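Here the structure is laid out as structure tokens; the discussion comes afterwards.
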Amino acid sequence: MLVFERLEIVQEGFRLVADLGVPEGALAAVIGPSGAGKSTLLGAIAGFVPVTSGRLLWSGVEITGHSPSARPVSILFQDNNLFPHLTAFENVALGLKPSLRLDASEREQVVRALARVGLEGFDARRPAQLSGGQQTRVALARVLLRARPLLLLDEPFAALGPALKAEMLALVAEICRETGATLLMVTHDMADAEAIASQTLLVADGQVSGPFATAALLADPPPSLRAYLG
């Protein structure tokens, strides 16, 4: 379980608190008004945003003070974080070894990860030679190769068209179910939450609350969420 134990994040007039737990293996959306702190929450889990007080635990082990690389976390951002001078193969291989010095077995793992996201044969292409959807698949393959038990998505599919976004969401859900990974997905699109997230965290008014059953939350949203949804 991912546990926020009286967690508090304070930044220049901004304050966010969380005191809750997300079960292992859950597929959870993170929703709320713009500027409420959804990305900040994911940044704190990943170790990029400092925690002011409280604790963050994964499977009973405190990770509050761990460096980002030492956390059981992979995070996928909207810009995919691909290096333009590297091939698709090399961008994925970074998830396994930043030195890119791979043995035969490790190279095979990279090839399998690319194939798993539908990019078999795209190994030598650089990001500029790939469509937006293909670039997202490369980033997802890198996440898959890292095999971390906690996957954070910060709207990586927001720029994709509806059909491609639905396909990517389905692929993420399938991968999480195969690997048992826990998913926290920031989204502004309630249809995304309904598509793959059975649980939802609500970030509003300086507080993270939940997890709630997604369908029940959207059927009867609290005032802060109702105002956002319109």
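The values are calculated or read from the model by the stated rules, or taken from the named source; none is laboratory data. A quick note: this is a predicted structure, and the numbers were derived from the prediction, not measured. For accessibility, only protein heavy atoms count, side chains too; no ligands or nucleic acids. Shrake-Rupley method; radii C 1.70, N 1.55, O 1.52, S 1.80 Å.
Mean-square fluctuations from a GNM of the chain, with a 10 angstrom spring cutoff on Cα atoms, peak among 116, 142, 101 at 101. For the pair segment 2-34 and segment 129-184, the centres of their Cα atoms are 21 angstrom apart. Here is how the number arises for the chain: DSSP H runs of 4 or more residues each give -39500 (n - 2.57), the sum is divided by the residue count, and the result at 222 nm is -10500 deg cm²/dmol.
With the convex hull drawn around the C-alpha atoms of segment 176-224, the volume per residue stands at 84 Å³. Set against the labelled values [x] 17.2; [y] 18.2; [z] 20.1, Kirkwood radius over Cα pairs in Å computed from this structure falls on [y]. The alpha-carbon atoms of segment 135-205, seen along their principal axes, cover 35, 26, 18 angstrom, with the largest extent given first. Over the chain, Cα pairs under 8 Å with separation of 6+ residues give a relative contact order of 29 percent. Of the residues 37, 60, 25, the one that moves most in a GNM of the chain with alpha-carbon contacts below 10 Å is 60.
Computed log10 I(q)/I(0) for segment 124-169 at 0.17, 0.21 Å⁻¹: -0.53, -0.78, from the Debye equation with unit scatterers placed on every C-alpha and solvent omitted. Rolling a 1.4 Å probe across the protein heavy atoms gives the chain an accessible surface of 45 Å² per residue. Enclosing the Cα atoms of segment 8-116 in their convex hull gives a volume equal to 162 cubic angstrom per residue.
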